[in-house]
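Reviewing the structure listed below.
The values are calculated or read from the model by the stated rules, or taken from the named source; none is laboratory data. Here the structure is a predicted model, which is why all the values come from computation and not from measurement. So basically every Cβ, Gly included, is an ideal-geometry build from the backbone, and we count neighbours across all protein chains shown. Protein only, heavy atoms only, side chains kept; ligands, DNA and RNA dropped before computing areas. Shrake-Rupley method; radii C 1.70, N 1.55, O 1.52, S 1.80 Å.
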Amino acid sequence: MTDTLDASLAVVILAAGQGTRMRSALPKVLHRIGGRPLVGHVLDTARDLAPAHVLVVVRHERDLVAEAVTGISPEVVVVDQDEVPGTGRAVEMALAAVPDFDGDVLVLSGDVPLLDADTLLGLVRDHRASHAAVTLLSAVVDDPTGYGRVIRAVDGTVERIVEQKDASAAEAAVPEINAGVYVFQASPLRAHLGRVGTTNAQGEKYLTDVVGLARADGLAVSASVVADVSVTLGVNDRAQLAEAGRLLNTRTVRRWQLEGATIQDPATTWIDVTATLAPDVTVLPNTHVLRATTVASGAVIGPDTTLEDCEVGENATVRRADATLAVIGAGATVGPFAYLRPGTVLKDGGKIGTFVETKNSTIGEASKVPHLSYIGDTTIGRGVNLGAGAITANYDDIAKHRTEIGDEVHSGSHNVFVAPVRIGDGAKTGAGAVIRKDVPPGALSLSVAPQRNVEGWVENHRSGTAAADAAARARSAQEQGDGAQEEHG
Ligand code: UD1
Ligand code: CA
């Protein structure tokens, strides 16, 4: 990483291709891993190099790609590629956008997302030290299928690159691949691109042909072979997309482990690159920590939990929960089996328990919604306990309304709060209440009619049924018991 601007470095990111092998309506470079589009990872890395220019070449679905790119990095220059296809044409058009630039041009692919800034800085350093016209990044891989092969002369120097589709059987057997990442001196690159043709299997202007042209002009070409081949993985199909996502996640999980998080099962823990975990967080298996989620020290999240754009406070516990845009306070507990929808704020020491759904609601300090409830558009004060089965009826078929529950309120089981409605501080409600009118502070609110037992109804109206027989047995046992009591009393 570097902070000072490298005035003699321009980065070109290729993102104009369709990505046919993805078989997708979405442009390939917008497919996501680790919570970011592929091209977003490349943009992040490019920014770490502090180049004078970042140029992103677009064509297929250009508006979608351009919008995503400038959304992530507003300072980049978007360059439109014309109808001439190929990576060579893409770079040629990018250079035309910076006609006076005469430094080093680092070319990256929007579909090679795992390259890190250190590897690239090393490549630029090697390039500058060797004074080569081109320095390319290569890797020796087990399965080179689909990549361009690096063809070396007998003395070991790089002679040219041949694409998979143009390769002879002998060339296809070469295990050293072109990672699609290069540093070029700008002026020979401009000259060579003007000479690249399209007579190849794909009818495209290949950037890779520049290597052979430079060599033929007697210029030096050098290749840096990466030690960790995983960084060069190119995403061309969905299988490679999943593989790149897994590799990135492994890297992210490891980073947080080294920062002090306990992550019990890296294979089933998925952490977006935009999420953060404090030291002494514990993440249990099958947990997704997504987007801008932050988890504070001492919190335990999982198992089986998804957090998207959430803030989890110190020492909170979140088990078997699904939460989006929710704030979970320090020492609060959530789950098992809870659904926190956007706008949920659970204050310190509060509880959202089992089979509870919340939305756009604040649950005050140390307040509890422990069981089987729906809490929507509600503000709950502190020290409140809602009985099992509390429902805030926030929607009257026309509009949404709020329920306001004060401090230290205890509600009976199975209450319905028909919004808009307010429950005053310290109030209590009876079991089964349907609260349609405001309850003043300190009141006991009962809405269920007093219970009335009609004695003998089953024997009178349902005679001959098993229930009537059971009732008759119970009555005669009761009568005998009463008789015996009278004898002894
Ligand atoms: C390319 C290289 C290959 C290398 C591989 C590494 C060429 C000719 N081949 O092959 O040697 O091993 O990358 O991953 O360069 N793009 C454009 N404009 C275009 C065509 C493509 O901007 O006209 C962009 C794509 O969006 C993509 C990148 O360039 O981000 C690479 O294109 P792709 O078609 O995937 O090239 P590969 O066949 O993988
Ligand atoms: Ca590719």
**Report entry** Straight-distance crosslink candidates among lysines, where the alpha carbon sits under 17 Å from Lys400 and sequence neighbours closer than 8 are dropped
**Finding:** Lys359, Lys437
Report task. Starting from the Cα gyration tensor of region 266-332, take the square roots of the eigenvalues, sort them a ≥ b ≥ c, and report rounded, prolate or oblate (rounded when a/c is under 1.5, otherwise prolate if a/b is larger than b/c, else oblate). Result -> rounded
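What trypsin sites (Lys or Arg not before Pro) in region 1-88 are in a loop by DSSP, with at most 16 other Cβ atoms within 10 Å of the Cβ? Write out the running numbers ahead of the final one.
On the way: sites: Arg21, Arg23, Lys28, Arg32, Arg47, Arg59, Arg62; in loops: Arg23, Arg59.
Taking region 1-88 and a limit of 16 other Cβ atoms within 10 Å, the loop trypsin sites (Lys or Arg not before Pro) found are Arg23.
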Query raised in the report: What residues qualify as long-range amide H neighbours of Ala332, i.e. H under 5 Å apart, gap of 5 or more or another chain, H built at 1.01 Å from N?
Result: Ala316, Thr317, Gly349, Gly350
Report task. Rounded to whole Hz and in sequence order, give me ³J(HN,Hα) for region 221-228 from the Karplus expression 6.51 cos²θ - 1.76 cosθ + 1.60, θ = phi - 60°, writing x for Gly and Pro. Result -> 10, 10, 10, 9, 8, 6, 6, 9
Query raised in the report: region 1-77 to region 439-489: how many Å between their Cα centroids?
Result: 76
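At 222 nm, what helix-only mean residue ellipticity would the chain give, in deg cm²/dmol to the nearest 500, using -39500 (n - 2.57) for each DSSP H run of four or more? Don't skip to the answer; put the middle values down first.
Details: 10 runs with 117 residues, N = 489.
Taken over the chain, the calculation gives -7500 deg cm²/dmol.
In nm², what is the average projected area of the convex hull enclosing the Cα atoms of the chain? The partial results should precede the final answer.
On the way: hull surface 146.6 nm².
Hull-based average projected area comes out at 36.7 nm².
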Report summary line: Between Asp217 and Ser8, the FRET efficiency computed from the C-beta separation at R0 = 25 Å comes out, to the nearest 0.05, as 0.70
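What's the extension gain from Ala474 to Arg23 if we count 0.36 nm per residue and subtract their Cα-Cα distance?
Details: separation 451, 0.36 × 451 = 162.36 nm, distance 7.19 nm.
Working it through step by step, the gained length comes to 155.2 nm.
Estimate the FRET efficiency between Ala97 and Ala267 by the formula 1/(1 + (r/R0)^6), using the beta-carbon distance for r and 56 Å for R0, to the nearest 0.05.
Details: r = 44 Å, r/R0 = 0.78.
According to the calculation, E is roughly 0.80.
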Query - Asp237 versus Ala172: modelled label distance in nm, points set 7 Å from Cα along the beta carbon direction - result: 1.5
Requested in this report: Determine ³J(HN,Hα), in whole Hz, for all residues of region 156-172 in sequence, where each value follows from phi through the Karplus function 6.51 cos²θ - 1.76 cosθ + 1.60 and θ = phi - 60°; x replaces Gly and Pro.
Outcome: x, 6, 6, 9, 6, 10, 10, 6, 3, 6, 9, 7, 6, 4, 5, 5, 5
Query raised in the report: With no solvent and one point per C-alpha, what does the Debye sum give as log10 I(q)/I(0) for region 6-232 at q = 0.14 Å⁻¹?
Result: -0.84
Report summary line: Partner aspartates and glutamates whose C-alpha sits under 18 Å from that of Lys428, ignoring same-chain residues fewer than 8 away, are Glu404, Asp407, Glu408, Asp438
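In region 400-489, which GluC sites (Glu not before Pro) fall in coil by DSSP and have 14 or fewer other Cβ atoms within 10 Å?
Within region 400-489, the qualifying GluC sites (Glu not before Pro) (loop, at most 14 other Cβ atoms within 10 Å) are Glu455.
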Report summary line: With DSSP loop assignment and no more than 14 other C-beta atoms within 10 Å, the GluC sites (Glu not before Pro) in region 158-201 are none
Report task. Give, as ranges by residue number, the residues of region 3-33 whose backbone N falls under 14 Å from the point 7 Å along Cα→Cβ of Asp44. Result -> 32-33
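Quick check on the chain: of the DSSP beta bridges with both residues there, what percent are antiparallel, nearest 5%?
On the way: 18 of 102 bridges.
Beta bridges within the chain, antiparallel portion: roughly 20 percent.
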Report task. With label points built 7 Å along Cα→Cβ from the Cα atoms of Gln451 and Ala52, find their separation and express it in nm. Result -> 8.6
Query raised in the report: In nm, to one decimal, how far is the Asp280 label point from the Ala466 one, both placed 7 Å along Cα→Cβ?
Result: 5.8
Report task. Any chance you could tell me what percent of the C-alpha pair distances in region 340-489 go past 21 Å? Result -> 53
**Report entry** Residue-normalised accessible area of the chain, given per residue in Å² at a 1.4 Å probe
**Finding:** 47
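Quick check: at a probe of 1.4 Å, how many percent of the accessible area of the chain sits on carbon and sulfur atoms? Don't skip to the answer; put the middle values down first.
Values: 11780 of 22830 Å².
Result for the chain: 52 percent of the exposed heavy-atom area is carbon or sulfur.
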Report task. For Asp397, put the label point 7 Å out on the Cα→Cβ axis and report which residues of region 423-444 keep their amide N under 11 Å from it. Result -> none
Query raised in the report: When the Karplus curve 6.51 cos²θ - 1.76 cosθ + 1.60 is applied with θ = phi - 60°, which whole-Hz ³J(HN,Hα) does each residue of region 360-366 get, with x for Gly and Pro?
Result: 6, 9, 10, 10, x, 3, 6
Query raised in the report: DSSP H helices in the chain with Cα extent of 24 Å or more along the helix axis and mean Kyte-Doolittle hydropathy at least -1.0?
Result: 238-258
Requested in this report: Of the options Ile151, Val39, Thr208, report the single residue whose Cα projects farthest towards the positive end of the charge dipole of the chain (beta-carbon charges: Lys, Arg +1; Asp, Glu -1).
Outcome: Val39
